[in-house]
Amino acid sequence: MKLQLLIAIGHQDYMEHLSDVLTQRYSETFEVSVCSTGERLRELLSRRRFDAALLDETLAEEADLSAVRLPLLLWDGAASLGPHGEGMEKLRKYQRISSMTGQVLERYAAVCDSPAGFETSQGRITAVWSPAGGCGKTTVALAYAAQLVSRGKKTVYLDLEPFSSTPVYFADPERGLTDVFEKLDGNLELLLQSIRREDSGSGILYFGRPDNYDDIEILTPDDVTALLQGASAGVEELVVDLGSGCDRKTRRILELAAQVLLVTDGSQAARIKCGQFRAQHDLYALLADRLTVVANRGARGAAQAGERTVSLPLVQSDDPVVVYKTLSAGYFRD
């Protein structure tokens, strides 16, 4: 999905800088048109409609903006405003462009509740799960995501564990999933894009942790269905990191996943719990053709006959980032 974005700023250098960054870094999100004069602005608005526009206080007064669904005023808080500018929604001028981009998407989502009119592909969903805690699910999920990125695939990591360890691996962004959970009836695709960040070291796209972990606990199966649909839109793969429980939400995610990575290690607890899952849970039969057993930390005999398996070595490092990046080097198969 691409938003038609108009940038109308009289300051030529700032207009070109803003346009260049959005065109280079956010080409999959915006199709950008630019102008720096009132005459050119009126010409553009007479020929086409725009989803959003970023205007300075001078050009905001120069034309009828009815052809723009979301006109936004870039304002430094000091310049005097005319009648149009006074009534417009405002964004802080000269702020970080990544923050500005998130604000544009969030505000557009508020005026465009339905994504009707946009054709957006849905990426494959891979769920990473285990009935046993402490097997290294997060490490496996990130290793798998990093390997996909290294192959050139646009990949999103979504942590839905009851207690997230995301800050151990990634910088904690300003905004997290709570902002989305509060607006589950809105345009989740745009809302999720507005808070999504890219890890500079791995290229993995990810979301900040929720402000309160009760936010995850109160989600319904229908909520997580909508969340996964929004998070997987416009990417090639969504990797979902799950807790070790198997409530209705987890079951729904496992059922929606095109692939399930069942993580285990060499511990007795993991062997017993994975054995119980196979023998006593009806979900195992439903997942059998989509399930890959990931034998983590050099575990042996983790898979049963007929099960697909990936064997990961024990990486001797106290740095979890080193561990997952080491494991991302070619162990997983498509």
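The values are calculated or read from the model by the stated rules, or taken from the named source; none is laboratory data. Predicted, not measured: the structure shown is a model, and the values here were computed from it. Counting neighbours? That spans all protein chains shown, and the Cβs are built from the backbone with ideal geometry, glycine included. Keep in mind that these areas ignore ligands, DNA and RNA; they rest on the heavy atoms of the full protein, side chains included. Shrake-Rupley method; radii C 1.70, N 1.55, O 1.52, S 1.80 Å.
Sequence-distant contacts, meaning Cα pairs under 8 Å at least 6 residues apart, place the relative contact order of the range 67-198 at 30 percent.
Taking label points 7 Å from Cα along the Cα-to-Cβ direction, S200 and D76 give a separation of 2.7 nm.
Annotation: per residue accessible area for the chain equals 45 Å², rounded to a whole number [probe 1.4 Å, protein chains only].
Annotation: average projected area of the range 209-282 is 6.3 square nanometres, based on the convex hull of Cα atoms across all directions.
Accessible area of L205 (1.4 Å probe, protein heavy atoms only, ligands and nucleic acids ignored): about 20 Å². DSSP assigns beta bridges within the chain; of those with both partners inside it, close to 5 percent run antiparallel. Taking every Cα-Cα distance in the range 18-61 and sorting them into 5 Å bins starting at zero, the pair-distance distribution P(r) comes out as 5, 19, 29, 24, 17, 6, 0 percent.
For the range 212-334, averaging the sequence separation of C-alpha pairs within contact (under 8 Å, six or more residues apart) and dividing by the residue count gives a relative contact order of 18 percent. The helix-only estimate of mean residue ellipticity at 222 nm for the chain, built from DSSP H runs of length n ≥ 4 each weighted as -39500 (n - 2.57), is -10500 deg cm²/dmol after division by the residue total. Modelled this way, with points 7 Å down the Cα-to-C-beta line, the labels at D247 and S98 are 3.2 nm from one another.
Relative to the longest principal axis of the Cα atoms of the chain, the long axis of helix 137-150 lies at roughly 60 degrees. In this entry, the chain is assigned a mean projected area of 18.3 nm², taken as a quarter of its C-alpha convex hull surface.
Between the beta carbons of Y14 and A171, assuming R0 = 35 Å, the FRET efficiency works out to 0.85 to the nearest 0.05.
Using a Gaussian network model of the chain in which every pair of alpha carbons under 10 angstrom is joined by a spring, one finds that among A63, A257, A270 the greatest mean-square fluctuation is at A63.
Full extension of the chain segment joining R271 with S33 gains 79.9 nm, where the gain is 0.36 nm per residue of separation less the Cα-Cα distance. In this calculation the C-beta distance from H281 to L91 is compared with R0 = 30 Å, giving a FRET efficiency of 0.05. Here the simple spin-label model places points 7 Å from the Cα toward Cβ, and for D215 and T309 these points are separated by 4.0 nm.
Of E174, E43, the order by accessible heavy-atom surface (1.4 Å probe, DNA, RNA and ligands excluded), from most exposed downward, is E174, E43.
Estimated translational diffusion coefficient (Stokes-Einstein, Kirkwood radius over Cα pairs, 10 °C, 1.306 mPa s) of the range 1-108: 116 µm² per second. Here the calculated FRET efficiency for T58 and K2, from their Cβ-Cβ distance with R0 = 30 Å, stands at 0.60, rounded to the nearest 0.05. Considering amide H positions built from the backbone, and no H for Pro or chain starts, which residues 5 or more places from Q4, or on another chain, come under 5 Å of its amide H? Placed amide hydrogens put E31, D51, A52 under 5 Å from Q4.
What pairs from K153/K325; K154/K183; K2/K325; K137/K249; K154/K249 go past 21 Å between their alpha carbons? Pairs exceeding 21 Å: K154/K183; K2/K325; K154/K249. Each of the peptides 13-20, 128-135 was scored by the mean count of other Cβ atoms within 10 Å over its residues; in descending order, highest first, they stand as 128-135, 13-20. With a 1.4 Å probe and every protein chain kept in, tell me what percent of the accessible surface of the range 36-181 is carbon plus sulfur. Carbon and sulfur together cover 48 percent of it.
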